[in-house]
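Here's the structure, in C-alpha coordinates; my notes come after.
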Amino acid sequence: MQGKCAIVTGAARGIGLATTDVLLEMGWRIAMADIDTEELEDAAAARDGVLAITVDVSDPDDVRRMVDRTTGWAGRLDGLVNNAGVANFAPVEQTSFETWREIMSTNLDGPFLCTQAALPALKETCGAVVNIASISGLRASTLRVAYGTSKAGVVHLSRQHAAELGEYGIRVNCVCPGPVRTKLAMAVHTQEIIDAYHDAIPLNRYGTEREIAEVVAFLLSEKASYVTGQILAADGGFESTGVGLPALRD
Ligand SMILES: NC(=O)c1ccc[n+]([C@@H]2O[C@H](COP(=O)([O-])OP(=O)(O)OC[C@H]3O[C@@H](n4cnc5c(N)ncnc54)[C@H](O)[C@@H]3O)[C@@H](O)[C@H]2O)c1
(Lines give C-alpha, C1' and ligand atoms only; values in the text may rest on other atoms or scores of the structure.)
Protein backbone atom coordinates (compact mmCIF):
# COMPACT_ATOMS: atom_id res chain seq x y z
CA MET A 1 0.00 0.00 0.00
CA GLN A 2 1.32 3.43 -0.90
CA GLY A 3 1.04 6.34 1.54
CA LYS A 4 -2.26 8.00 2.25
CA CYS A 5 -3.60 10.80 0.11
CA ALA A 6 -5.77 13.80 0.92
CA ILE A 7 -7.29 16.68 -0.99
CA VAL A 8 -6.87 20.04 0.72
CA THR A 9 -8.95 22.83 -0.83
CA GLY A 10 -7.75 26.40 -0.52
CA ALA A 11 -4.22 25.01 -0.22
CA ALA A 12 -2.35 27.82 -1.97
CA ARG A 13 -1.85 29.81 1.23
CA GLY A 14 -2.95 30.35 4.82
CA ILE A 15 -4.50 27.55 6.86
CA GLY A 16 -4.78 25.24 3.82
CA LEU A 17 -1.08 25.54 3.05
CA ALA A 18 -0.12 24.93 6.68
CA THR A 19 -2.41 21.86 6.71
CA THR A 20 -0.71 20.62 3.54
CA ASP A 21 2.67 20.91 5.27
CA VAL A 22 1.63 19.12 8.45
CA LEU A 23 0.09 16.25 6.44
CA LEU A 24 3.21 16.02 4.22
CA GLU A 25 5.31 15.71 7.39
CA MET A 26 3.02 12.82 8.40
CA GLY A 27 3.84 11.07 5.09
CA TRP A 28 0.59 11.82 3.26
CA ARG A 29 0.47 12.83 -0.40
CA ILE A 30 -1.58 15.95 -0.98
CA ALA A 31 -3.70 17.17 -3.87
CA MET A 32 -3.43 20.92 -3.36
CA ALA A 33 -6.61 22.46 -4.80
CA ASP A 34 -7.19 26.18 -5.20
CA ILE A 35 -8.82 28.74 -7.46
CA ASP A 36 -5.69 30.94 -7.50
CA THR A 37 -3.53 29.12 -10.06
CA GLU A 38 -0.48 31.36 -9.76
CA GLU A 39 -0.18 31.20 -5.98
CA LEU A 40 -1.00 27.48 -6.08
CA GLU A 41 1.71 26.68 -8.65
CA ASP A 42 4.30 28.60 -6.60
CA ALA A 43 3.35 26.80 -3.39
CA ALA A 44 3.27 23.36 -5.06
CA ALA A 45 6.61 23.88 -6.82
CA ALA A 46 8.29 24.28 -3.42
CA ARG A 47 6.99 20.93 -2.13
CA ASP A 48 7.44 17.20 -2.91
CA GLY A 49 4.58 14.72 -2.86
CA VAL A 50 1.94 17.14 -4.06
CA LEU A 51 -0.31 17.58 -7.08
CA ALA A 52 -1.60 21.08 -7.88
CA ILE A 53 -5.17 21.31 -9.16
CA THR A 54 -6.89 24.53 -10.13
CA VAL A 55 -10.50 24.30 -9.00
CA ASP A 56 -13.46 26.43 -8.09
CA VAL A 57 -15.04 24.43 -5.26
CA SER A 58 -18.45 25.91 -6.06
CA ASP A 59 -18.42 24.43 -9.58
CA PRO A 60 -19.69 20.83 -9.70
CA ASP A 61 -17.76 19.94 -12.90
CA ASP A 62 -14.52 21.38 -11.52
CA VAL A 63 -15.00 19.45 -8.30
CA ARG A 64 -15.58 16.14 -10.12
CA ARG A 65 -12.43 16.73 -12.16
CA MET A 66 -10.50 17.48 -8.96
CA VAL A 67 -11.46 14.15 -7.43
CA ASP A 68 -10.80 12.22 -10.67
CA ARG A 69 -7.36 13.78 -11.10
CA THR A 70 -6.49 13.01 -7.48
CA THR A 71 -7.50 9.36 -7.60
CA GLY A 72 -5.81 8.99 -11.02
CA TRP A 73 -2.61 10.39 -9.50
CA ALA A 74 -2.57 8.67 -6.10
CA GLY A 75 -4.75 5.62 -6.77
CA ARG A 76 -6.68 6.30 -3.59
CA LEU A 77 -8.25 9.00 -1.44
CA ASP A 78 -8.10 8.83 2.35
CA GLY A 79 -8.93 12.37 3.37
CA LEU A 80 -10.63 15.58 2.34
CA VAL A 81 -10.09 18.95 3.99
CA ASN A 82 -12.80 21.42 2.97
CA ASN A 83 -10.85 24.57 3.75
CA ALA A 84 -11.40 26.94 0.80
CA GLY A 85 -13.32 29.97 1.96
CA VAL A 86 -14.05 33.63 1.36
CA ALA A 87 -15.00 36.32 3.88
CA ASN A 88 -17.07 39.45 3.75
CA PHE A 89 -17.94 41.80 6.60
CA ALA A 90 -20.90 44.10 5.89
CA PRO A 91 -24.10 45.27 7.59
CA VAL A 92 -27.27 43.35 6.73
CA GLU A 93 -28.67 46.19 4.63
CA GLN A 94 -25.48 46.49 2.62
CA THR A 95 -25.04 42.81 1.91
CA SER A 96 -26.21 42.39 -1.68
CA PHE A 97 -27.76 39.16 -2.83
CA GLU A 98 -24.78 38.77 -5.16
CA THR A 99 -22.37 38.91 -2.20
CA TRP A 100 -24.57 36.54 -0.18
CA ARG A 101 -24.52 34.01 -3.06
CA GLU A 102 -20.77 34.41 -3.54
CA ILE A 103 -20.08 33.64 0.12
CA MET A 104 -22.57 30.76 0.26
CA SER A 105 -21.34 29.18 -2.97
CA THR A 106 -17.72 28.89 -1.90
CA ASN A 107 -18.17 28.38 1.85
CA LEU A 108 -21.21 26.09 1.92
CA ASP A 109 -21.88 24.74 -1.60
CA GLY A 110 -18.14 23.96 -1.81
CA PRO A 111 -17.96 21.50 1.12
CA PHE A 112 -21.28 19.93 0.02
CA LEU A 113 -20.04 19.37 -3.54
CA CYS A 114 -16.52 18.26 -2.63
CA THR A 115 -17.65 15.72 -0.04
CA GLN A 116 -20.31 14.31 -2.35
CA ALA A 117 -17.82 13.94 -5.22
CA ALA A 118 -15.21 12.33 -2.96
CA LEU A 119 -17.60 9.80 -1.40
CA PRO A 120 -17.03 6.82 -3.74
CA ALA A 121 -13.26 7.05 -3.19
CA LEU A 122 -13.59 7.70 0.57
CA LYS A 123 -15.84 4.65 0.94
CA GLU A 124 -13.03 2.47 -0.41
CA THR A 125 -10.58 3.65 2.26
CA CYS A 126 -12.99 4.39 5.15
CA GLY A 127 -11.60 7.89 4.84
CA ALA A 128 -12.16 11.06 6.80
CA VAL A 129 -13.39 14.58 6.11
CA VAL A 130 -12.53 17.74 8.03
CA ASN A 131 -14.52 20.88 7.33
CA ILE A 132 -13.18 24.30 8.26
CA ALA A 133 -15.93 26.49 9.66
CA SER A 134 -15.23 29.39 12.04
CA ILE A 135 -16.07 30.77 15.46
CA SER A 136 -18.35 33.04 13.38
CA GLY A 137 -20.42 29.92 12.70
CA LEU A 138 -20.78 29.24 16.44
CA ARG A 139 -21.57 32.73 17.68
CA ALA A 140 -23.40 35.50 15.90
CA SER A 141 -21.71 38.84 15.59
CA THR A 142 -22.16 42.10 13.71
CA LEU A 143 -21.30 42.36 9.99
CA ARG A 144 -21.21 38.60 9.42
CA VAL A 145 -24.70 37.88 8.11
CA ALA A 146 -23.36 36.05 5.06
CA TYR A 147 -20.04 34.72 6.39
CA GLY A 148 -21.37 33.65 9.80
CA THR A 149 -24.45 32.01 8.33
CA SER A 150 -22.38 30.13 5.75
CA LYS A 151 -20.10 28.82 8.50
CA ALA A 152 -23.03 27.83 10.75
CA GLY A 153 -24.20 25.85 7.71
CA VAL A 154 -20.80 24.14 7.52
CA VAL A 155 -21.06 23.19 11.21
CA HIS A 156 -24.41 21.52 10.67
CA LEU A 157 -23.39 19.99 7.32
CA SER A 158 -20.57 18.27 9.21
CA ARG A 159 -23.05 16.72 11.63
CA GLN A 160 -25.39 15.68 8.81
CA HIS A 161 -22.53 14.01 6.97
CA ALA A 162 -21.23 12.32 10.12
CA ALA A 163 -24.68 10.92 10.88
CA GLU A 164 -25.14 9.47 7.41
CA LEU A 165 -21.63 8.39 6.46
CA GLY A 166 -20.66 6.61 9.66
CA GLU A 167 -22.05 3.35 8.31
CA TYR A 168 -19.36 3.46 5.60
CA GLY A 169 -16.67 4.03 8.22
CA ILE A 170 -16.25 7.61 7.02
CA ARG A 171 -15.64 10.15 9.78
CA VAL A 172 -16.61 13.81 9.38
CA ASN A 173 -15.49 16.50 11.82
CA CYS A 174 -15.37 20.26 11.84
CA VAL A 175 -12.73 22.72 13.04
CA CYS A 176 -13.78 26.25 13.98
CA PRO A 177 -10.71 28.48 13.96
CA GLY A 178 -10.50 31.69 15.92
CA PRO A 179 -8.71 34.61 14.27
CA VAL A 180 -5.51 33.84 12.34
CA ARG A 181 -3.50 36.51 10.49
CA THR A 182 -4.08 35.24 6.97
CA LYS A 183 -4.85 37.23 3.83
CA LEU A 184 -8.57 36.45 4.32
CA ALA A 185 -8.65 37.74 7.90
CA MET A 186 -6.46 40.77 7.34
CA ALA A 187 -8.74 41.94 4.53
CA VAL A 188 -11.63 42.29 6.98
CA HIS A 189 -9.99 42.82 10.41
CA THR A 190 -9.35 46.47 11.28
CA GLN A 191 -7.03 47.38 14.19
CA GLU A 192 -10.15 47.85 16.35
CA ILE A 193 -11.36 44.34 15.52
CA ILE A 194 -7.89 42.93 16.27
CA ASP A 195 -7.88 44.65 19.68
CA ALA A 196 -11.41 43.43 20.44
CA TYR A 197 -10.42 39.85 19.60
CA HIS A 198 -7.39 40.05 21.88
CA ASP A 199 -9.69 41.19 24.70
CA ALA A 200 -12.24 38.44 24.10
CA ILE A 201 -9.78 35.55 23.79
CA PRO A 202 -8.47 34.01 27.04
CA LEU A 203 -5.11 33.23 25.42
CA ASN A 204 -5.07 36.91 24.48
CA ARG A 205 -3.73 36.53 20.96
CA TYR A 206 -4.45 35.38 17.42
CA GLY A 207 -3.72 31.77 16.51
CA THR A 208 -1.23 30.68 13.89
CA GLU A 209 -1.92 28.72 10.71
CA ARG A 210 0.14 25.88 12.13
CA GLU A 211 -1.95 25.71 15.33
CA ILE A 212 -5.08 25.20 13.26
CA ALA A 213 -3.40 22.77 10.88
CA GLU A 214 -2.28 20.49 13.74
CA VAL A 215 -5.91 20.12 14.88
CA VAL A 216 -7.08 19.38 11.33
CA ALA A 217 -4.35 16.78 10.88
CA PHE A 218 -5.24 15.09 14.16
CA LEU A 219 -8.91 14.77 13.17
CA LEU A 220 -7.94 13.42 9.75
CA SER A 221 -5.55 10.86 11.23
CA GLU A 222 -6.07 7.42 12.73
CA LYS A 223 -5.44 8.97 16.16
CA ALA A 224 -9.02 10.26 15.92
CA SER A 225 -10.41 6.93 14.68
CA TYR A 226 -13.39 6.99 17.09
CA VAL A 227 -14.15 10.69 16.68
CA THR A 228 -16.87 11.80 14.29
CA GLY A 229 -19.55 14.49 14.19
CA GLN A 230 -17.49 16.77 16.44
CA ILE A 231 -17.12 20.51 16.25
CA LEU A 232 -13.75 21.56 17.63
CA ALA A 233 -13.04 25.24 18.23
CA ALA A 234 -9.32 26.00 17.88
CA ASP A 235 -9.79 29.53 19.14
CA GLY A 236 -7.69 30.30 22.22
CA GLY A 237 -10.78 29.79 24.39
CA PHE A 238 -13.05 32.34 22.68
CA GLU A 239 -16.07 30.03 22.36
CA SER A 240 -15.97 28.81 25.96
CA THR A 241 -16.00 32.18 27.68
CA GLY A 242 -18.60 34.79 28.53
CA VAL A 243 -18.59 38.52 29.08
CA GLY A 244 -16.32 40.68 31.22
CA LEU A 245 -12.94 39.19 30.43
CA PRO A 246 -11.03 42.48 29.87
CA ALA A 247 -12.46 44.03 33.06
CA LEU A 248 -11.33 41.04 35.14
CA ARG A 249 -7.76 41.08 33.84
CA ASP A 250 -4.95 43.02 35.54
N1 LIG B 1 -8.01 33.40 9.11
C2 LIG B 1 -8.98 33.40 10.00
O3 LIG B 1 -8.99 34.21 10.92
C4 LIG B 1 -10.06 32.36 9.92
C5 LIG B 1 -10.90 32.22 11.03
C6 LIG B 1 -11.92 31.27 10.99
C7 LIG B 1 -12.08 30.50 9.86
N8 LIG B 1 -11.25 30.66 8.78
C9 LIG B 1 -11.48 29.81 7.62
O10 LIG B 1 -10.30 29.12 7.28
C11 LIG B 1 -10.32 28.81 5.89
C12 LIG B 1 -9.00 29.21 5.26
O13 LIG B 1 -8.90 30.61 5.31
P14 LIG B 1 -7.53 31.42 5.43
O15 LIG B 1 -7.67 32.32 6.56
O16 LIG B 1 -6.37 30.50 5.34
O17 LIG B 1 -7.68 32.34 4.12
P18 LIG B 1 -6.78 32.56 2.82
O19 LIG B 1 -7.46 33.62 2.04
O20 LIG B 1 -5.35 32.76 3.18
O21 LIG B 1 -6.91 31.15 2.07
C22 LIG B 1 -8.10 30.75 1.45
C23 LIG B 1 -7.75 30.02 0.17
O24 LIG B 1 -8.98 29.57 -0.43
C25 LIG B 1 -8.89 29.81 -1.83
N26 LIG B 1 -10.24 29.90 -2.40
C27 LIG B 1 -11.15 30.90 -2.25
N28 LIG B 1 -12.26 30.64 -2.95
C29 LIG B 1 -12.07 29.44 -3.57
C30 LIG B 1 -12.86 28.64 -4.44
N31 LIG B 1 -14.10 29.02 -4.81
N32 LIG B 1 -12.34 27.48 -4.87
C33 LIG B 1 -11.11 27.07 -4.50
N34 LIG B 1 -10.30 27.79 -3.69
C35 LIG B 1 -10.78 28.97 -3.23
C36 LIG B 1 -8.11 31.11 -1.95
O37 LIG B 1 -7.56 31.29 -3.26
C38 LIG B 1 -7.06 30.94 -0.86
O39 LIG B 1 -5.87 30.33 -1.33
C40 LIG B 1 -11.54 29.54 5.30
O41 LIG B 1 -12.61 28.63 5.14
C42 LIG B 1 -11.86 30.57 6.36
O43 LIG B 1 -13.22 30.95 6.34
C44 LIG B 1 -10.24 31.57 8.80
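The values are calculated or read from the model by the stated rules, or taken from the named source; none is laboratory data. All values derive from a computational prediction rather than experimental measurement. Here the Cβ is made from the backbone with ideal geometry for all residues, glycine too, and neighbour counts use every protein chain on show. Just so you know, the surface numbers come from the protein's heavy atoms only, side chains and all, with ligands and any DNA or RNA stripped out. Shrake-Rupley method; radii C 1.70, N 1.55, O 1.52, S 1.80 Å.
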What are the residues in region 180-203 that are open to solvent by less than 70 Å² (accessible area, probe 1.4 Å), hydrophobic (A, V, I, L, M, F, W, C) and more than 10 Å from the ligand (Cβ to nearest atom), if any?
I193, I194, A196, A200, I201
Taking only pairs six or more apart or across chains, which ones have beta-carbon atoms under 7 Å, a first residue in region 96-118 that is in contact (Cβ under 8 Å) with a residue 60 or more places away in the chain, and a second residue that is part of a helix (DSSP H, G or I) and away from the ligand (no atom under 13 Å from the Cβ)?
A118/V67
If we keep only residues of region 1-22 that are of a type in the set (S, T, N, Q) and in a helix (DSSP H, G or I), then the residue surrounded by the most Cβ atoms within 10 Å (Cβ to Cβ) is T19
Every pair of residues 6+ apart whose Cβ atoms lie under 7 Å, when the first sits in region 174-202 and is in contact (Cβ under 8 Å) with a residue 60 or more places away in the chain while the second is polar (S, T, N, Q) and open to solvent by less than 40 Å² (accessible area, probe 1.4 Å):
C176/S134; P177/S134
Test T228 against the criterion of being hydroxyl-bearing (S, T, Y), over 13 Å from the mean Cα position of the chain (by Cα), open to solvent by 30 Å² or more (accessible area, probe 1.4 Å) and at pLDDT below 95, and give yes or no.
no
For region 204-215, indicate whether the set of residues that are open to solvent by 30 Å² or more (accessible area, probe 1.4 Å) and more than 13 Å from the ligand (Cβ to nearest atom) is non-empty.
yes
Out of P111, P120, sole residue that is under 24 Å from C174 (Cα atoms) and in contact with a strand residue (DSSP E or B) (Cβ under 7 Å, 6 or more places away or on another chain):
P111
I need every pair where a residue in region 27-45 that is assigned to a loop (DSSP other than H, G, I, E, B) has its Cβ under 8 Å from the Cβ of a residue that is near the ligand (Cβ under 6 Å from one of its atoms) and of a type in the set (D, E, K, R), sequence separation at least 6 or different chains.
I35/D56; D36/R13
